[in-house]
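Note sheet for the following structure.
The values are calculated or read from the model by the stated rules, or taken from the named source; none is laboratory data. Predicted model, so just to flag it, every value in this text is computed and none were measured. Don't worry about glycine lacking a Cβ; one is built from the backbone with ideal geometry, like all the others, and counts go over all protein chains shown.
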Number of protein chains: 2
Amino acid sequence: MIRGLTFATIIATLTALSAASSPATAPTSAAPAFVNTLMPQPSQLSVQEGRLAITPSFTTGTDQFRDARLDDAIRRSLDRIKTQTATLISTALAADKATARLVVSVEGPGDAVQTVDEDESYSLDVTPFGARLRAATVVGAIHGLETLEQLIQSDMNSYFVPAVSIRDTPRFRWRGLMIDCARHFIPVDVLKHTLDGMAAVKLNVFHWHLSEDQGFRIESKAFPKLAGLGSDGFFYTQDQAREIVAYARDRGIRVVPEFDMPGHTGAWFVGYPDLASGHGPFHIEHEFGVFNRVMDPTRESTYEFLDTFIGEMAAIFPDHFLHIGGDENNGIEWKANPRIQNFMREHGLNDTAALQNYFNQRLLQLLEKHGKRMIGWDEILTPALPKGVVIQSWRGFGSLAAGAKNGYSGVLSAGYYLNIKSSAEVHYRIDPLPESSDLNPEQQARILGGEACMWTEQAGPQTIDSRIWPRTAAIAERLWSPRNVDSVDDMYRRLALESLRLEALGLTHISHEEAALRRLAGVQQIGPLEVLASVLEPVTFDDQASQQHPNQLTPLNQMADALPPDPPSHHNFEALTRAYLQDPATRTQEKAELVADFNTWIVAGPGTLQLIAGSPQLAKIKGRAHQLAELGTLGLEAISYLSSGLPAGARWKAGKFAVISEAEKPQALVRFTVIKPLRDLVTAVAEAPSK
Amino acid sequence: MIRGLTFATIIATLTALSAASSPATAPTSAAPAFVNTLMPQPSQLSVQEGRLAITPSFTTGTDQFRDARLDDAIRRSLDRIKTQTATLISTALAADKATARLVVSVEGPGDAVQTVDEDESYSLDVTPFGARLRAATVVGAIHGLETLEQLIQSDMNSYFVPAVSIRDTPRFRWRGLMIDCARHFIPVDVLKHTLDGMAAVKLNVFHWHLSEDQGFRIESKAFPKLAGLGSDGFFYTQDQAREIVAYARDRGIRVVPEFDMPGHTGAWFVGYPDLASGHGPFHIEHEFGVFNRVMDPTRESTYEFLDTFIGEMAAIFPDHFLHIGGDENNGIEWKANPRIQNFMREHGLNDTAALQNYFNQRLLQLLEKHGKRMIGWDEILTPALPKGVVIQSWRGFGSLAAGAKNGYSGVLSAGYYLNIKSSAEVHYRIDPLPESSDLNPEQQARILGGEACMWTEQAGPQTIDSRIWPRTAAIAERLWSPRNVDSVDDMYRRLALESLRLEALGLTHISHEEAALRRLAGVQQIGPLEVLASVLEPVTFDDQASQQHPNQLTPLNQMADALPPDPPSHHNFEALTRAYLQDPATRTQEKAELVADFNTWIVAGPGTLQLIAGSPQLAKIKGRAHQLAELGTLGLEAISYLSSGLPAGARWKAGKFAVISEAEKPQALVRFTVIKPLRDLVTAVAEAPSK
């Protein structure tokens, strides 16, 4: 009921937005109700009557412009539709227009190098007799094909696409995902799966963080010691980088490389110590944090080096932007170096911020020479910079808005840090251009969009999928869909569907948990442990950092690494409890589900303890197994009071709140996902007055 | 109890084999019993007292020969040990011999190109104070490192290696896995994971089946149209092939490429029609089966082509062997071509077998010119062939023995066809050199070993892991371990452990099932469906071929594709029932487990039907969901009679046998794994005499 209601609301909202919407969007009694399975939501959707059956007689093809990129995108979509529906769809478009067909009508290829202004819009019209996808560019068509795939549904007899009319264009032009491939190296095949996932939710920028104190991750032929001595052997060859760029372009995704300068550059100096402001010996940093290592901005040789290096990278990365980082330079080595201090005095640079601005100005000239626009983190923003520079804000909307008022375009990342391990809801509520903003239209246009950020202090190749997905899909919707698409319940309903689609693309965000639990337990049958795991999630980034002090060599094989942040239990249990508490006396279905859950928690205890017994790593969560049973008992008691309407004894609530508070404490790097709703349940219980 | 008993038997067997065994292998009451976790079993193992703790102070290093391959192997092992045990082990060998250390003592690099006669033996001595691995070659050390990893165990407090003394050498020199990458293309990353799995169980030959009527899968620069027109775009570049060869060599694995000739060559002719005996037009064959397409062995231009081609491939594949296929040429196009018939008459070639022999003789000269030995399937064996040619038998031990008696070396594949979907037990019982063989020692030495074969008519990149693993580990043990290591129960016990280790290497043979079921059901929570799935497996190759008639384009996304052959339920349920039936009146533990299983089957019914309802593909197994509940009910009834000792009514057994027989029939490409033990249960019930 709740889901249906929420969904109806969404449809109404979307329909209201749609100028071209059909007046008759309400499902008739004869036809099954339309189920909205799209993520991100399109800007305009109207539901029509009927549905288009997917059968082997269905054919597809183009009737205007086509190129290899469009053909490949159609082929990929048809391959996935084949896997999903067991239906082979021919790309030999049937001439007979009476046969069901998908016709893709594209006006032209779009930009030779995809730009931030690329026309990404498309329209999709599905009737019971066929479908037509229209777009100005191949990128628009790529997005439309993903929408078509997301629309596919089934009943027991057949697969079909509901008849709809969609007009869609993104709210923001820059919808990115940054991956830090420096603190932990992420292999090419993992990145390719990630790009598939990005395309599925219409993200269009892969921001590739390639250098850090902890590693320099791309081959330079001009300066072979960068990766040669600065990567521990983990780096991308230039061929691999080109492969990623091509793979991304085929999916409508730009690749913006980041070379963080002048700080975060320790790994450069292992091979090229003359670039550094401080003294050697230099080493690859295996700890995490902000370090003093920084480039020497006073030597001409630094700029000669960077000129050659940027030229080399510009040939690999065709995107118009190059990200220079610019963050977290603490200036310590600049202050400690008499020669640099002398230079600052000579050039009238009063502080290290001024020196960094000097460096940025020089860097800007080099970028312009090689045809690149500059983007960097908040810190690069100084009044001396020209307006063409783009600011990526990790500090918040405030600094983004301040930049916009001063004429700078910006991209929001504050609030989108995946590594913090917040819920999808938290990210979903962050808007790069909130309704409360006082920016005028011109200033608003400078807010290009946002980027989810996946920093990898606490994630590696095996765990990164579950740190990125499915939460990034919620951010992608925030960046693509109209601002008023904001129902958290409906977002979670569609996120669950999208999560399965992402898994079918080869992402391991779901399967990793089970595989990791099997490895930890050393047996294949882990039922009780899965029950416990289903209501646990890793602690926040800060809690893990302070409790574990991880470094680059820390094994990512604890219980906390097995678990995804914000697992389905988080929202589902909260929604279930909320529904139950609306009227405990009559909500029998919700009551039954809660009772079943609580019993499962209690029953899982002994089995979990048995599975834990053989593993030093699992033994750390022994306390959690006991707590789960306690929480189950507490839940049953609360339900009993609430459904009967009888009050609890005088000290019952205080005792239960104590149990909940104890369970709430982070322990062994994991936390329960069900704390708030359990507290709500106990709170709702009436208590007999104490005597 | 049963497991302990079986295990004790195995240890006794191994100990008896061991000339160097310690007299005291029985665990003392103070120490926990040694648990044998090795697969394949070593040729000699004796258990010592105590255990070596794995702690951060542990270090490892080499004290004799070392090279990059050895260093890499040690680093890989330590990485995996780190992931398993959360313990960082330094490769800076502690000078202090009192500190626990692993010292790897290797005499030399071994063959520059690994040969079939490479010394693969090693010894491993673990005491509470350290471990020493000795080997003549790096390949031997690689095997020893895998053994060390397999020995690692844990209790709640720590990880440790039990003190053992192992002397190990393989029973057979050729222990292979063939993968047909032609009928379905298998990507490089899947192959790399497969090579990791092969190394884990000490297989040493990757037989790479690269060409077929259905596709030509490797780039030729001399003949670019081979892959260019013959692969549908799915082929390995030469760089990728070299990458696989290097990856395999690093793991002690030879790569033997196969270019099947003169039959199975349809895909060659799309680009090079002059090679063919018949007329064009030629196309890539998308159906499966034996086709008439065959090379023209009468033209000199064919040999000129093959001379260049083999020379090119010889430079990519350094192995001393090249596989020429040679199977299933039906001779039809040779008989139909007057020019070829004329050639046969002129050369006194009386039949097509004689013509194929002529072709093989010419091919042999080319292989010798390029430094390669010939290996081919049974059909190439003719008296005219020199003794250096190796025969791979898909027909059976008979043809292998006949070859050995005639002086030919051979490799057994009959009985090891993974695509048939037999149980691990079936493969495990096949011996390349059975005890009953009448070969003399000289002839026995010609039996080089065996090869598991993964033909891919019914498997693709997503499903191949679950078709290869874990069953191939049982075949690997048959090929490595002494003949009398033959307890099926103990094999399955250790196979379950090995299966988890293989998963930790990145193989998806376990996780694929859950992911595929989620995709089919369209929801993340699939509990009831998993219950049904756990007692189902795909039908045999022949049943699937006759029911489905798959071709290369058939989607591999049915329930049958989600399920692994020979899942754990197959052996576990059989063993449980067997134990229970030994004395139904007293076996209360087994009774309780059976009752729990049967109840789970009954309870899963409604939930399964609900999950099935939304999917046309799952709807096909609706009958199976009903049958599962019936089988559960039947099981409970049988247990009730057996435990009470009361007889069933007169027609009870006949009725239940009818239910079982109905459930036994293949349906929707899946079959139950529990048929035989259920029939045993019903058979054991006493029946009241009919009146």
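Evaluate the stretch B:11-25: report whether one residue or more is at pLDDT 95 or above and either closer than 30 Å to residue B:488 by Cβ or of a type in the set (Ser, Thr, Tyr) (or both). For the stretch B:11-25, residues at pLDDT 95 or above and either closer than 30 Å to residue B:488 by Cβ or of a type in the set (Ser, Thr, Tyr) (or both): absent.
Name the residue, out of A:282, A:321, A:309, A:259, that is modelled with pLDDT of 95 or more, out of contact with any helix residue (DSSP H, G or I) (no Cβ under 6 Å at 6 or more places or on another chain) and more than 22 Å from residue A:394 (Cα to Cα). Please lay out each step first, then the result.
On the way: A:282 fails: out of contact with any helix residue (DSSP H, G or I) (no Cβ under 6 Å at 6 or more places or on another chain); A:321 fails: more than 22 Å from residue A:394 (Cα to Cα); A:259 fails: more than 22 Å from residue A:394 (Cα to Cα).
The conditions single out A:309.
Can residue A:556 be described as closer than 30 Å to residue B:78 by Cα, within 14 Å of another protein chain (Cβ to nearest Cβ) and surrounded by fewer than 22 Cβ atoms within 10 Å (Cβ to Cβ)? Criteria met by residue A:556.
Are any of the residues in the stretch A:663-675 modelled with pLDDT under 95 and either part of a helix (DSSP H, G or I) or within 14 Å of another protein chain (Cβ to nearest Cβ) (or both)? Can you show your working first?
Applying the first criterion (modelled with pLDDT under 95) to the stretch A:663-675 yields A:665-668.
When the remaining residues are screened for being either part of a helix (DSSP H, G or I) or within 14 Å of another protein chain (Cβ to nearest Cβ) (or both), the result is A:668.
Yes: one or more hits.
Exactly one residue among A:535, A:539 is within 20 Å of the chain's Cα centre (by Cα) and more than 13 Å from chain B (Cβ to nearest Cβ), and that residue is A:539.
One residue stands out among those in the stretch A:395-407 that are closer than 20 Å to residue A:116 by Cα and either in contact (Cβ under 8 Å) with a residue 60 or more places away in the chain or in contact with a Gly (Cβ under 9 Å, 6 or more places away or on another chain) (or both): the one that is surrounded by the most Cβ atoms within 10 Å (Cβ to Cβ), which is A:400.
State yes or no: is residue B:183 more than 30 Å from residue A:556 (Cβ to Cβ), in contact (Cβ under 8 Å) with a residue 12 or more places away in the chain, part of a strand (DSSP E or B) and among the charged types (D, E, K, R)?
Details: more than 30 Å from residue A:556 (Cβ to Cβ): yes; in contact (Cβ under 8 Å) with a residue 12 or more places away in the chain: yes; part of a strand (DSSP E or B): no; among the charged types (D, E, K, R): yes.
Taking the combined requirement at face value, the residue does not satisfy it.
Does residue A:375 meet the test of being out of contact with any Lys or Arg (no Cβ under 8 Å at 6 or more places or on another chain), of a type in the set (Val, Ile, Thr) and closer than 23 Å to residue A:204 by Cα? When the stated conditions are applied, residue A:375 passes them. Can we say residue B:447 is more than 14 Å from chain A (Cβ to nearest Cβ), over 19 Å from residue B:194 (Cα atoms), buried (at least 24 other Cβ atoms within 10 Å of the Cβ) and in contact with a helix residue (DSSP H, G or I) (Cβ under 9 Å, 6 or more places away or on another chain)? When the stated conditions are applied, residue B:447 passes them.
Yes/no matrix, rows are residues, columns are (1) more than 18 Å from residue A:68 (Cβ to Cβ); (2) touching a residue at least 60 places away in the same chain (Cβ under 8 Å); (3) not β-branched (Val, Ile, Thr):
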site	(1), (2), (3)
A:116	yes, yes, no
A:139	no, yes, no
A:148	yes, yes, yes
A:169	yes, yes, no
A:173	yes, yes, yes
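Name the single residue that is surrounded by the fewest Cβ atoms within 10 Å (Cβ to Cβ) among those in the stretch A:493-507 being more than 9 Å from every other protein chain (Cβ to nearest Cβ) and touching a Phe, Trp or Tyr at 6+ places or on another chain (Cβ under 8 Å). Residue satisfying both the conditions and the ranking: A:493.
So that you can scan it fast, the table gives a plain yes or no per residue for (1) free of Cβ contacts under 8 Å to residues at least 24 places away in the same chain; (2) surrounded by 24 or more Cβ atoms within 10 Å (Cβ to Cβ); (3) closer than 25 Å to residue A:38 by Cβ:
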{"residue": "A:195", "(1), (2), (3)": "no, no, yes"}
{"residue": "A:198", "(1), (2), (3)": "no, yes, yes"}
{"residue": "A:204", "(1), (2), (3)": "no, yes, yes"}
{"residue": "A:211", "(1), (2), (3)": "no, yes, no"}
{"residue": "A:247", "(1), (2), (3)": "no, no, yes"}
{"residue": "A:267", "(1), (2), (3)": "no, yes, no"}
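Yes/no matrix, rows are residues, columns are (1) crowded, with 18+ Cβ neighbours inside 10 Å; (2) in a helix (DSSP H, G or I); (3) in contact with a helix residue (DSSP H, G or I) (Cβ under 6 Å, 6 or more places away or on another chain); (4) among the basic types (Lys, Arg):
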{"position": "B:623", "(1), (2), (3), (4)": "no, yes, no, no"}
{"position": "B:638", "(1), (2), (3), (4)": "yes, yes, yes, no"}
{"position": "B:661", "(1), (2), (3), (4)": "no, yes, no, no"}
{"position": "B:679", "(1), (2), (3), (4)": "no, yes, yes, yes"}
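Of all the listed residues (B:333, B:287), the sole one being of a type in the set (D, E, K, R) and touching a residue at least 60 places away in the same chain (Cβ under 8 Å) is B:287. Checking the structure you have, find out if any residue of the stretch B:356-378 is free of Cβ contacts under 8 Å to residues at least 40 places away in the same chain, more than 24 Å from residue B:256 (Cβ to Cβ) and over 29 Å from the mean Cα position of the chain (by Cα). No. Scanning the stretch A:422-444 for residues that are of a type in the set (A, V, I, L, M, F, W, C) and surrounded by fewer than 18 Cβ atoms within 10 Å (Cβ to Cβ) yields A:426, A:439.
Would it be correct to say that residue A:649 is farther than 30 Å from residue B:35 by Cβ and modelled with pLDDT under 95? Yes; evaluated as a whole, the condition is true for this residue.
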